[in-house]
Ligand SMILES: [Zn+2]
């Protein structure tokens, strides 16, 4: 009897701790999924998620795969492009910032890294991987999609609610083929009761490689910006946890 788990792995503290928690479970197989979608620190996230995944491979036989998935696209400029006609109250033309408007730190957003429907999309894509493995690996009996959403995320982003995953998206998953054939799969949020400081303390307790993690949404490769919400929250969380940030360069 085996459980197959797909852990979303950005290479940040939360997803790294969640992946280590799952890798330590007996009779669980873990696949890792990192998604690239033009995020501000894409190169850094790509590098750090690979470093964390290599660490997990090295330490746990249960970790079997690491997937990269890329969501890419460009605007199709046409003569009938109409989005350029929007102006702010002073008459200045408004520059729309691509399909999602949250990649850039400037502009006065208090939450420049606002993820919109990102996590819901990622959870459902990860579920496709879980279902394929439930189908392909004979002795698997159930599947999990692991999101490292913390209790603090619920506070920082007003539109994140645990029930979005644990109720609504799980209802979608219950209708899929493998669950109908007796191999259930569900989204789990192992860190949802924790603050970021508690995640860090848990990470220290279980020996998660916090020194390999990357949190910044922007910044140069290998050098966090130190200014964005993610950098600020990381700094505050390590302080609150009473732990020296082993990856700190700012
Ligand atoms: Zn930053």
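The values are calculated or read from the model by the stated rules, or taken from the named source; none is laboratory data. Being a predicted model, the structure only gives us computed values, none of them experimental. Positions of Cβ are backbone-derived with ideal geometry, glycine not excepted, and every protein chain shown enters the neighbour counts.
Listed by position, the strands (runs of 3 or more DSSP E) inside region 1-71 whose residues that are modelled with pLDDT under 95 number at least 2 are 28-36, 63-70. As a summary of the residue check, residue 170 satisfies the conditions (1) more than 21 Å from residue 20 (Cα to Cα); (2) within 16 Å of the ligand (Cβ to nearest atom); (3) part of a helix (DSSP H, G or I) except for the one numbered (2). Here residue 53 passes the criteria (1) surrounded by fewer than 22 Cβ atoms within 10 Å (Cβ to Cβ); (2) over 20 Å from residue 131 (Cβ atoms) except the one numbered (1). Scanning region 1-45 for residues being within 26 Å of residue 74 (Cβ to Cβ), free of Cβ contacts under 8 Å to residues at least 60 places away in the same chain and surrounded by fewer than 20 Cβ atoms within 10 Å (Cβ to Cβ) gives a total of 2.
Annotation note: of 204, 199, 243, the sole residue that is under 20 Å from residue 52 (Cβ atoms), in contact (Cβ under 8 Å) with a residue 24 or more places away in the chain and in a loop (DSSP other than H, G, I, E, B) is 243. For region 180-188, the condition holds for no residue, the condition being that it is within 16 Å of the ligand (Cβ to nearest atom) and either more than 25 Å from residue 125 (Cβ to Cβ) or not in a loop (DSSP other than H, G, I, E, B) (or both). You will find that of 141, 164, 150, the residue that is farther than 28 Å from residue 51 by Cα, under 16 Å from the mean Cα position of the chain (by Cα) and more than 16 Å from the ligand (Cβ to nearest atom) is 164 and no other.
Rundown of residues vs (1) over 24 Å from residue 31 (Cα atoms); (2) surrounded by fewer than 17 Cβ atoms within 10 Å (Cβ to Cβ); (3) at pLDDT 80 or above, yes/no style:
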{"residue": "89", "(1), (2), (3)": "yes, yes, yes"}
{"residue": "100", "(1), (2), (3)": "yes, yes, no"}
{"residue": "108", "(1), (2), (3)": "yes, yes, no"}
{"residue": "121", "(1), (2), (3)": "no, yes, yes"}
{"residue": "129", "(1), (2), (3)": "no, no, yes"}
{"residue": "133", "(1), (2), (3)": "no, no, yes"}
{"residue": "140", "(1), (2), (3)": "no, no, yes"}
{"residue": "148", "(1), (2), (3)": "no, no, yes"}
{"residue": "158", "(1), (2), (3)": "yes, yes, yes"}
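Taking region 207-237 as the search range and keeping residues that are surrounded by fewer than 16 Cβ atoms within 10 Å (Cβ to Cβ) and more than 19 Å from residue 49 (Cα to Cα), which one is farthest from the ligand (Cβ to nearest atom)? Result: 236.
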